[in-house]
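Reading through the structure tokens given below for one structure.
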Amino acid sequence: MVRVVTDSGAHLSTEVRVKYKIGTVPLQVLFGTRTYRDEIDLSNEQFFYMLTHEKVHPTTSAPAPQDFINVWKPILDAGEEIVSICLPSGLSATYSSAVNAKAQLEQEHGGAVPISLIDGRWVSMAQGFQCLEGVRVAHAGGSRDDVAKAMIGLNDKLTLVFLLDTLEYLKRGGRIGKAQAWLGTMFNVKPILEIAHARVEPLERVRSRKAGIARLLELVQNPPTTNGARIGDGPLHISVLHARAPESAQQLENEIRARFNVAELVMGEIGPTIAVHSGPDALGLAFYRE
């Protein structure tokens, strides 16, 4: 049997991870000199309270190689193989840490270990959907190579967009990039960002949250082509993501179910790895078509 492992940046719920036996390596969240393991030492509720009340702005850090080994070893000891997908190396050192962890295990075992590593191109539930696709192939009896190919195969189908309530947290986190040009009007607009070429990129601006939600729905119908034309025109697989904004997320879900042929809809909460840059009240959509 092949098991899928990811990191906590995938924003898969505990229920989904338990149901599909998806292993999760915790990323680290730092508030000054204090370090927390995402979802282990720090819940989302605690994180958002600290984000809005602490004077120091948090940062995130990659897991240590030993954190990967702690998740992988029980799986390997059970005689199972692993496909482990990580946050993009352009955004995080997580993949590099995984490479070092695998090398350490191989040195200890005196040879190769059955682990396939994927340097991801996505974050949040776009990465989460790759995990779910991998699980489906594994449960159908697919090999480790089959599972990895299926997960990578979603790269040309996926879209991931976020509607922010403010650019302030992106500015504080130092990831503002090309959105720097928006700062002069940051109090008058709601930014829409996308993950493009494994980077956070500005997509467009809208004048209100209502307009932003309407625009997100339009993007489901006609996805941006920054990553190239998206493949697939069949039933929709979509995740509605939110940063402590459940009512807005529910509104989005209702609109999506009314408008589209939905094969799968997963609700998710934006965790620290994204929320340090998005701030509270952000909304996101990760989706692809069959």
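When trypsin sites (Lys or Arg not before Pro) are flagged only if DSSP places them in a loop and at most 12 other Cβ atoms lie within 10 Å, the longest unflagged stretch of the chain comes out as 56-206. Taking a ≥ b ≥ c as the square roots of the eigenvalues of the Cα gyration tensor, an a/c ratio of 1.5 or more together with a/b no larger than b/c marks the chain as oblate. FRET efficiency for the pair residue 78 and residue 41, taken as 1/(1 + (r/R0)^6) with r the Cβ-Cβ distance and R0 = 35 Å, rounds to 0.85.
Calculated FRET efficiency, residue 250 to residue 13, Cβ-Cβ distance, R0 = 25 Å: about 0.95 to the nearest 0.05.
Each Lys and Arg Cβ is given +1 and each Asp and Glu Cβ -1; about its Cα centre, region 198-256 then shows a dipole of about 300 debye.
Residue separation of residue 208 and residue 233 scaled by 0.36 nm, minus their Cα-Cα distance, works out to 6.0 nm of gained length. Listed by Cβ neighbour count within 10 Å, with the fewest neighbours leading, 24, 6, 59 appear as 59, 24, 6.
Between residue 113 and residue 143, the contour length at 0.36 nm per residue exceeds the Cα-Cα span by 9.3 nm. Pairs spanning more than 21 Å between alpha-carbon atoms, out of 73/149; 55/171; 73/102; 190/210; 21/73: 73/149.
Per-residue Cβ neighbour counts within 10 Å put 253, 264 in the sequence 264, 253, beginning with the fewest.
Here, each number is a calculation from the coordinates, and none is a lab measurement. In this text the structure is predicted, and so the values were computed from the model without any measurement. In this analysis, Cβ positions are derived from the backbone assuming ideal geometry, glycine residues included, and neighbour counts consider all displayed protein chains.
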